[in-house]
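Notes to accompany the following structure.
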Amino acid sequence: MASDTVYRASTTAPVNIAVVKYWGKRDPKLNLPTNSSLSVTLSQADLRTLTTASCSASYPSSDGDSLLLNGEPSDVAGARTQACFRELRSRRAALEAANPSLPKLSAMPLRLVSENNFPTAAGLASSAAGFAAFVRAIANLYELPASPSELSLIARQGSGSACRSLFGGYVAWRMGDKADGSDSMADQVAEASHWPEMRALILVVSAAKKGVSSTSGMQQTVATSGLFQERITKVVPQNMDLMEKAIKEKDFAAFAEVTMRDSNSFHATCADTYPPIFYMNDVSRAAIRAVETINANVGRTVAAYTFDAGPNAVIYYLEQDTEAVVGTFYHVLGEIDGWKQASLKGLKPSMSLDGGVASILKSGVSRVIMTGVGEGPMKTDDFLVAEDGSPVKR
Ligand code: DP6
């Protein structure tokens, strides 16, 4: 191969939303958690990161490794990104040492170009999809024989929740107990096809100001909350068992109760942090009331809310209950960005909500995202780096 050969590999990776939350690190450097967690991978048709990794001996070594994210140069000097580069390179170097005929990709600068298919302004955790795509793309470029679980060990060091985005469907991150973190990785609890009816309605809520980042928020909780000990020793282990059983048995009522209880428990430890951290706001709480009203009206649990480190509500429901769940929110929120009109066709206006709840939602929800359970990272020939190594303009 000529020395100006540009090697390229592209992948997409999904977002995941936890139903048993990761909150707390026992080792911030290796990004090891204080508890296991479990999430649902969301469909990449609606939310995904596309990343092309490339390397070439012709890239000036003075450029070093680089990342262009949504058209803007992004800093790769941070310890977490560096840890991912280091781990992937050393695995490639081992392959090259074992087989000297392989091109020495590990010695070449890496050029990465990445794009999200959803607005960054939506305030959705994009770091999970971002680091999962980053690790998967470089692993593809380097032709590493690593399994998704092995790659999850690397992605975890970029961002904890990213380790769960290496799989589709229903995914657990086992906390592990080894000091070197070699057993803190993700595995798949069930394929998306095991329970494909799972849907997620995301209510995007604009926050007045940027809240505490999850990295720093969880450290403050670990350091100051007494309630947190109860959560990691009793609440989460029990929720993990109940959740895995609910998923295996496709028991939505059980899935929903654990999802809502675990979100409540996580936000209770945030409130118990000193000084307290509040991620949910009045709009988030109105979404909780709406879900309770829907479940009470239907007479069974058809919807489950969960909240991450921000005010957006994620509401899980099953396809067969679209009318009760989506119909109710559609009726209240009216025509805002994100509704999939085709799937709403024929939906009758469903039950009405308490006037106060309805008006808070109407004024506070800026867009919706209708999505569902989906697949893990996918290799693609859609390249964001051209054959000559330049970023592709779209
Ligand atoms: C509330 O994965 O963003 O979304 O490991 O510091 O990057 P770092 O944290 P991050 O935390 C996510 C926390 C959460 C719950 C979850 O996704 O499990």
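The values are calculated or read from the model by the stated rules, or taken from the named source; none is laboratory data. Please read all numbers here as calculations on a predicted model, not as lab measurements. Every residue, glycine as well, gets a Cβ built from its backbone with ideal geometry; the counts of neighbours run over all protein chains shown. The protein model used for the area step is the full one, side chains on, heavy atoms only, and it has no ligands, DNA or RNA in it. Shrake-Rupley method; radii C 1.70, N 1.55, O 1.52, S 1.80 Å.
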For the range 70-221, Rg(Cα) over 2.2 N^0.38 Å is 1.16
Pull up all non-local amide H partners of Arg367: gap of 5 or more, or a different chain, and H-to-H distance under 5 Å with H placed in the peptide plane.
-> Val204
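Before I look further, what does the chain give for accessible area per residue, probe 1.4 Å, in whole square angstrom?
Using a 1.4 Å probe on heavy atoms only, each residue of the chain averages 42 Å².
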What are the GluC sites (Glu not before Pro) within the range 293-372 that DSSP puts in a loop, where the Cβ has at most 13 other Cβ atoms within 10 Å?
-> Glu335
Lys and Arg at +1, Asp and Glu at -1: add these up for the other residues within a Cβ distance under 13 Å of Thr380 and post the number.
-> 0
Determine the gain in length on full extension of the stretch Ala268-Glu319; use 0.36 nm per residue of separation and subtract their C-alpha separation, reporting nm with one decimal.
-> 15.3 nm
Can you run the Rg to Rh ratio on the chain? Use alpha carbon positions and the Kirkwood inverse-distance Rh.
-> 0.99
From the C-alpha gyration tensor of the range 295-357, pull out the three semi-axes of the equivalent ellipsoid (sqrt of 5λ each), sorted largest to smallest, in whole Å.
-> 18, 16, 13
Run the quick spin-label model on Ala94 and Lys345: label points 7 Å from Cα toward the beta carbon, then report their separation in nm to one decimal.
-> 5.3
Summing -39500 (n - 2.57) over every DSSP H run of at least 4 in the chain, dividing by its residue total and rounding to the nearest 500, the 222 nm mean residue ellipticity is -11000 deg cm²/dmol
Collect residues whose amide H, placed 1.01 Å from N in the peptide plane, falls under 5 Å from the amide H of Ala313; neighbours closer than 5 in sequence don't count.
-> Leu203, Val205
Where Cα atoms sit under 29 Å apart: lysine pairs in the range 7-192 separated by 8 or more or lying on different chains = 4
Stretched out fully, how many nm does the piece from Ala296 to Ser101 gain, at 0.36 nm a residue minus the Cα gap?
-> 63.6 nm
Cβ under 14 Å from Pro237's Cβ, Pro237 left aside: what net charge do those residues give with Lys, Arg +1 and Asp, Glu -1?
-> +1
Treating cross-link reach as a plain straight distance, find the lysines whose alpha-carbon is under 25 Å from the alpha-carbon of Lys393, omitting any fewer than eight places away in the same chain.
-> Lys379
In what sequence, largest accessible area first, do Lys21, Lys178, Lys210 appear using a 1.4 Å probe?
-> Lys210, Lys178, Lys21
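By how many nm would the segment from Asn117 to Ala179 grow when fully extended, if each residue of separation counts as 0.36 nm and the alpha-carbon distance is taken off?
On the way: separation 62, 0.36 × 62 = 22.32 nm, distance 3.72 nm.
Result for the pair: 18.6 nm of gain on full extension.
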Förster-model FRET efficiency, 41 Å R0, His331 and Ser193, C-beta, rounded to 0.05 | 0.80
Values of log10 I(q)/I(0), in the order q = 0.15 Å⁻¹, for the range 203-332 under a Debye, Cα-only, solvent-free model | -0.78
Calculate what fraction, in whole %, of the accessible area of the chain sits on carbon and sulfur atoms when a 1.4 Å probe is rolled over the protein chains.
-> 53
Long-range amide H partners of Leu384, meaning residues 5 or more apart or on another chain whose placed amide H is closer than 5 Å, are Thr52
From the Cα centre of the range 224-297 to that of the range 1-80, the distance in Å is 28
Among Pro377, Ile277, Ile288 the positive-end extreme of the charge dipole of the range 239-394 (Cβ point charges) = Ile288
Qualifying lysines (Cα of each under 24 Å from Cα of Lys345; at least 8 residues distant if same chain) = Lys362
Counting Lys and Arg as +1 and Asp and Glu as -1 over every other residue whose Cβ sits under 13 Å from the Cβ of Gln157, the net charge comes to +1
Semi-axes of the range 7-163 from the Cα gyration tensor (sqrt of 5 times each eigenvalue, largest first, whole Å) come to 26, 18, 14
